[in-house]
Amino acid sequence: PVGTAKKQLPSYSINDIAHSVDWVKQTAGLESDFLCVKATNFQSDLFKEPCRLDGVTIVMITEGEVQANINLQQLNMQAGEVIVNMPDNIVQILQDGSNVSGIVMLVSYGMYQKLSALHIEKTPTYTYLQKHPVFRPKDKDWKWLLEFADYVYYVANEYDGERKIEIIQGLLLAFSQSLLDAANRADFIQTSSIVLNANTHQTNIFEQFMALLQEYHTQERTVQFYAEKLLFTPKYLSRLIQDITQRSATDWITDFVMLEARHLLRKPDLSIKEVAYQLNFATPSLFARYFKKHAQCTPLEYRNGMGL
């Protein structure tokens, strides 16, 4: 019916950005896979309206500050901070970025899939960064990340060997692990997330819970299942996870299931019915209701790039 269609949010690839943003220049040998730019002016009309970026974007701000919306959350990002923007996030720049300088890395979704072979996307810190995309590393970590990023920039823009893509992939794996370590040590996580009010025993239980999630999230979605595996009651496990992370055990389970669902829906060779069964939903309709509840769009709308 007329008036019921949702407006499709634009989704920009590395090629789109390279051809539309003045301060971005594509690098020979990497083309649609990776960009690394040292920018002295973040101004661009491309991001003035809500949009998605088709890949992972890492921004290290060295000077200035800028306001932006990420997933409808307004953030004020300043020098000395790192932004990690995931592929499914909705982004909008709210102010002129001409006074902002920093290093920008854009990793295509295809390369990102290859980099996730070590399952960094299943780590607690990674999952936390999905909902809290800005953090301020400690001084020592910031200095190291800048030096590492400088080397990645050099290889991306100056190196012309035959194995350039493979070298960049190796560097990005190492950089991503360093980034996660820095985020785990950053003040915002130590005061508001994983180690909040947690003694060693509690932290060990949380790590066991996360390990079980990694193994079983495509099969099991109830707190009761994980509590029984850990020999706890569901009530005790729920309270412990809530106390440690300020998020419920159900929220963590949902994050893992939805992350996997989005990953599978991006595979064109899988039907939505096959995705539903791979995630152990009894019927595709049950999967569709679950997905829409947590993503505010149906699996088909998500696959077709529809907005929220």
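Summary table
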item: In region 211-234, the residues that are closer than 14 Å to V257 by Cβ and aliphatic (A, V, I, L, M); result: L212, L213, V223
item: Of all residues in region 266-296 being among the charged types (D, E, K, R) and within 25 Å of the chain's Cα centre (by Cα), the one that is surrounded by the fewest Cβ atoms within 10 Å (Cβ to Cβ); result: D269
item: Top-ranked residue of region 52-87 - restricted to ones that are within 15 Å of H132 (Cα to Cα), out of contact with any helix residue (DSSP H, G or I) (no Cβ under 6 Å at 6 or more places or on another chain) and assigned to a loop (DSSP other than H, G, I, E, B), ranked as least open to solvent (accessible area, probe 1.4 Å); result: E81
item: Test: residue in region 266-289 that is under 21 Å from P10 (Cα atoms) and part of a helix (DSSP H, G or I); result: no
item: Members of region 30-51 found to be within 14 Å of S108 (Cβ to Cβ) and either open to solvent by less than 30 Å² (accessible area, probe 1.4 Å) or at pLDDT below 75 (or both), listed by number; result: L30, E31, F34, L35, C36
item: Answer residue from region 178-206, given it is under 30 Å from A149 (Cα atoms) and open to solvent by 50 Å² or more (accessible area, probe 1.4 Å) and is modelled with the lowest pLDDT among those; result: T191
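The values are calculated or read from the model by the stated rules, or taken from the named source; none is laboratory data. No experiment lies behind these values; they were computed from the predicted model shown. Counting neighbours? That spans all protein chains shown, and the Cβs are built from the backbone with ideal geometry, glycine included. Heavy atoms of the whole protein, side chains included, go into the accessibility calculation; ligands, DNA and RNA do not. Shrake-Rupley method; radii C 1.70, N 1.55, O 1.52, S 1.80 Å.
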